[in-house]
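Notes for the one structure printed next.
Nothing in this text is a laboratory measurement; each read-out follows from the coordinates by a stated rule. Just so it is clear, the model here is predicted, and its values are computed rather than measured. Counting neighbours? That spans all protein chains shown, and the Cβs are built from the backbone with ideal geometry, glycine included.
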Amino acid sequence: MTKAELKERRIAVLMGGISSERDVSLRSGAAVLGALTNGGYDAVGIDVNNDIGRELELSRAQVAFVALHGRWGEDGIIQGVLEMMKIPYTGPGVLGSAAALDKAVMKYILRGRHIPTPPYAVVRKGEPCPFPLPFVAKPAREGSTIGISVVREEKEIKRALETAFRYDKTVFVEKVIKGREITVGMVNGMGLPVVEVKPSSGFYDYEAKYTKGMTEYIVPARISAAITHKAAALAADVYDAFDLSGCVRTDMLIDRGIRYVIDINTSPGMTETSLVPKAWAHQGGTFTTLVEEILTGAGLKG
C-alpha cells in the first residue's frame, strides 16, 4: 500500500500482549504509535489480550502494525487472527513467523538450506542433556534472551534447564561460539547496514539489551567489506528460506571469518535501544520514515 492509501485507513498498533516480552512490546508499540500519530496517520493503540478479535472490530481497524514480541504475537497466532479477519498487517505471515520463533524448527530449516548455524540439541522435560560443555540453554519459543543461561560447568546444567523450562516445555541447547556478534536488518527485502553488538558484560542478555549504556552498538560493524557482503547475503538467504516479509532482523556470530546464524527476529524491537532503528538512522532515515516504510509492506499473506 502507498502512504497516501494508508493515510485514508485506520491503523491499529498491536502491542503488549501476554508473552514474557510484554513490557518491551509496550515500549515498541508506544514509539510506533507516536510516530504514526505525529505523521498524520489515523492510528490507535491496542493492548492485545484474549479478546483481540472484538478489540479489532471495535477499533474499526483496517490495517495492523504488529509491534508484538514473543509468543502469541510473533509466532503466527496473531497473524492467523488477522488473516481470518482480512486485516492487512505488517511483518511475515503465519508460517514464517512460527518457524522463525521456534528455535528447533528454525534450526531444521537452516540446516536444510545449508545455512551455517552452531551445533545444537533439543531437550524435553525428563530427558538427559548429553551435550558437550560449554553451551547456551534457552527456551525454544522465547525471545529477548529470556530464560537463557550460559553453562560452562556440570554443576550449572540443572539450574539452567530449570530456568529455561519455566518458559517452555522444550529447551534448546547450543554450542557456545566465541565470536563477535552482528545483526543484519531487512525492511521489505531491503538490506540495512550491519550492526556490531558489543555488551560490556560480554554476554548480550536481557539487561544488556534494554539498559542504556550496557552495550555498545557499532554502525557499520567493524568487519571487512568481504564479510559485510557475505553477512548481508546470508540475511537475504534467511529472508528467502523462511518466506519472510516486512521488517526482520537476523542475528549472527562471526568466528574466524565464519558466519553463524543464531536467531531470527520477525518483529524486531522498536525501542530507543533497538538495532533496526539504529541501522536505519545510520543511512539517514528517521524513525518515522522507518515506521512508514514498514507499514507500506502491510498485507495479507495467506
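The trypsin sites (Lys or Arg not before Pro) of region 74-166 that DSSP puts in a loop, and whose beta carbon has at most 16 other beta carbons within 10 Å, are LYS86, ARG113, LYS125, ARG152, ARG166.
Over the chain, dividing the summed -39,500 (n - 2.57) contributions of all DSSP H runs of at least 4 residues by the number of residues returns a 222 nm mean residue ellipticity of -10000 deg cm²/dmol. From least to most packed, judged by other beta carbons within 10 angstrom and beginning with the fewest, HIS229, HIS69, HIS114 follow the order HIS114, HIS229, HIS69. Kindly identify region 3-91 as rounded, prolate or oblate by the Cα gyration tensor criterion: order the square roots of the eigenvalues as a ≥ b ≥ c, call it rounded if a/c is under 1.5, otherwise compare a/b with b/c, prolate if a/b is larger, else oblate. Cα axes put region 3-91 in the oblate bin.
Give LYS198/LYS230; LYS155/LYS175; LYS230/LYS301; LYS3/LYS86 a once-over and call out the pairs whose C-alpha atoms are over 24 Å from each other. LYS230/LYS301, as the Cα separations exceed 24 Å there. Which of THR250, THR170, THR266 ends up with the largest GNM mean-square fluctuation for the chain, with Cα atoms connected below 10 Å? Answer for the Gaussian network model of the chain: THR170.
Beta bridges per DSSP, both residues in the chain: antiparallel share near 80 percent. Here the Gaussian network model covers the chain, with springs between Cα atoms less than 10 Å apart; of ALA35, ALA137, ALA233, ALA233 fluctuates the most. Just checking the listed ones, ASP263, ASP51, ASP42: in the Gaussian network model of the chain with Cα springs under 10 Å, the one fluctuating most is ASP51.
Counted without the sites themselves, the longest stretch of the chain free of GluC sites (Glu not before Pro) in a DSSP loop having at most 15 other beta carbon atoms within 10 Å is 9-152.
Once you order the gyration tensor axes a ≥ b ≥ c over the Cα atoms, which shape class does the chain get: rounded for a/c under 1.5, otherwise prolate or oblate by comparing a/b with b/c? Because a/c hits 1.5 or more and a/b exceeds b/c, the chain counts as prolate. Restricting region 1-70 to trypsin sites (Lys or Arg not before Pro) that sit in a DSSP loop and have at most 11 other Cβ atoms within 10 Å of their own Cβ leaves ARG60.
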